[in-house]
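Just so it is clear, none of the values below were taken in a lab; they were calculated from the coordinates. On a predicted model such as this, the values are computed, not experimentally measured, just so you know. Cβ atoms come from the backbone with ideal geometry, glycine included; neighbour counts cover every protein chain shown.
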Amino acid sequence: MSAVNDTRLKSVIFLLSGLPGHRDAHLWISIPFCFMYVISIVGNLVILFIVKTDPSLHEPMYIFLSMLAITDLGISITTIPTILGIYLFNSREISLDACLAQLFFIHLLQCTESSLLLLMAFDRFIAICNPLRYASILTLPRIAKMGLVAVLRAMVIILPLPFLLKRFRYCQANVLFNSYCMHREVMTMACLDITVNIIYGLFTKLLTMGLDSLLIFLSYVMILKTVLSITSHKECLRALNTCVSHLCVLLLFYTPEISLTVIHSFGKGSYPLLQILLGYIALLLPPLMNPIVYSMKIKHLRLRIIRIFIKRRVSSPPGSSDIGDKKHEPPIPSWTHM
């Protein structure tokens, strides 16, 4: 009997779904998905290339941005096979092991990205509230340790998820409503009681995105308090301007995730199309928009990108200074490059 159960477990196949009612238009739907993937991969690779090759960008803010770009690349690469497989080749089947591997990496990378957004909020907090100690607090070894802790924290929290799902027998229709595997959906396909999975899934959300968003909120409360104490209106606006790109990235990441959590908690299966669209937004929009937001907002980074794509030297405006000139200035004048 045990051998029969093992055979059934190994032969479990899930069927992924695209947009409901639009199967005939899958080829056309694949065009914007391909476009988004190309832009997100190229954009994040450009960010990594520029930060790596430009010594003047080897600073905390840009190192955290590089970590964010690596995480976004991971999310894009993890979701490409199943999403494009459905819309380009109508390949809907995915084995249990492949599904568990995909959901593990998706949740791992999302948890890591949430931690990185918290670290970037901490970076802005130090730069504005304690600028004279900015360089001494955020040293390169310390930044590397912070990034490692973010990854290890995500690994420890997310690692139990595939094992909690692996122990189940799956006797439902096994048709997933998304084009990729997620824990909350796969667990509903199980034949047994899923109370432990529900509790642990809620625990992971509260311990990662819930805790991170709370700490980010507190960081910005302190930042706002410091900024409002600045007597110069111009300096106040310049300080707030350094946080605009980070705030945009926060909205792109947390808004669809919070919306999905609310719908799953209180919608009870309603609005399936809205859930699917929010799922796509949560996974595809941050990797697409993060490099665009930062490259448009940060002048020094924007100039480097222009020099790459037009293949000619673009000189900085007279009187402007690059980040590399800040060795004679305290960290706070970096506001002018945002």
| note | Once amide hydrogens are built 1.01 Å from N within the peptide plane, the residues lying 5 or more places from N178 or on another chain with amide H under 5 Å from its amide H are S17
| Dipole of region 2-337 [Lys/Arg +1, Asp/Glu -1 at C-beta], most positive-end residue of L140, L45, Q102 | L140
| message | Can you give me the C-alpha center-to-center distance between region 124-140 and region 192-238, rounded to a whole angstrom? | response | 19
| query | Along the charge dipole of region 2-337, Cβ charges K/R +1 and D/E -1, which of C236, N178, F33 sits furthest on the positive end? | reply | C236
| Value at 222 nm in deg cm²/dmol, rounded to 500, when DSSP H runs of n ≥ 4 in the chain each add -39,500 (n - 2.57) | -23000 deg cm²/dmol
| task | Can you tell me the relative contact order of region 2-337? Whole percent, Cα pairs under 8 Å, sequence separation 6 or more. | result | 26
| Please state the Cα pair-distance histogram of region 48-114 with 5 angstrom bins from zero: what percent is in each bin? | 3, 16, 19, 17, 14, 11, 9, 6, 4, 1
| said: Between 0 and 90 degrees, rounded to the nearest ten: what's the tilt of helix 211-228 against the longest Cα principal axis of the chain? | reply: 20
| request: For helix 60-89, report the angle its Cα long axis makes with the longest principal axis of the Cα atoms of the chain; keep it between 0 and 90° and round to the nearest 10°. | output: 30
| said: Quick check for me: using +1 on Lys/Arg Cβ and -1 on Asp/Glu Cβ, what's the dipole size of region 31-172 about its Cα centre, in debye to the nearest 20? | reply: 440
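Please get the size of the charge dipole for the chain, origin at its Cα centre, with Cβ charges of +1 on Lys and Arg and -1 on Asp and Glu, quoted in debye to the nearest 20.
On the way: 29 positive and 17 negative charges, 117 e Å.
Its charge dipole is roughly 560 debye.
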| message | Report, to one decimal in Å, the Kirkwood hydrodynamic radius for region 19-84 based on all distinct Cα pairs. | response | 13.5
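Excluding the sites themselves, what is the longest stretch of the chain that contains no trypsin sites (Lys or Arg not before Pro) in a DSSP loop with at most 16 other C-beta atoms within 10 Å?
No qualifying site falls inside 1-166, the longest such stretch.
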| task | Please report the Cα spread of region 1-155 along all three principal axes, rounded to whole Å, starting with the longest. | result | 64, 45, 26
| Cα Rg over Rh - the chain, Kirkwood | 1.02
| said: Tell me which cysteines of the chain come out unpaired when the rule is another cysteine's Cβ under 4.7 Å. | reply: C34, C111, C129, C236, C243, C248
| message | Just to confirm the number: angle between the C-alpha axis of helix 244-266 and the first principal axis of the chain, 0 to 90 degrees, nearest 10? | response | 20
| Rg(Cα) / (2.2 N^0.38 Å) computed for region 132-290, rounded to two decimals | 1.33
